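Comments concern the structure below.
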Amino acid sequence: MGKLGLGCAAIALILIVIVGLSFAGTYNTLNRKNEAVNQQWGQVENVYQRRADLIPNLVATVQGAANFENRRSTA
């Protein structure tokens, strides 16, 4: 293998390393963004659950007000 072949092999190896590092960086970036999206969806689900937990309190309040109005109108 002459100097030309050795130089081409070195360039090919360098290109392979650069492409590999680029793919690794892209993969890590995509994973980081995916985790950020999952975290944000978790926050949305927490808000929905909190609202769902408050519905029985709202129903009880409305029923109490309706009972008060019924007692008030019959008195």
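The values are calculated or read from the model by the stated rules, or taken from the named source; none is laboratory data. Worth saying up front: this structure is predicted, and the values here are computed from it rather than measured. Every residue, glycine among them, receives a Cβ derived from its backbone with ideal geometry; neighbour counts consider all protein chains shown.
For this structure, a couple of remarks:
- On inspection, residue 29 passes the criterion of being under 23 Å from the mean Cα position of the chain (by Cα) and assigned to a helix (DSSP H, G or I).
- Lone unmet requirement of (1) among the β-branched types (Val, Ile, Thr); (2) loosely packed, with under 10 Cβ neighbours inside 10 Å; (3) at pLDDT 95 or above for residue 14: (2)
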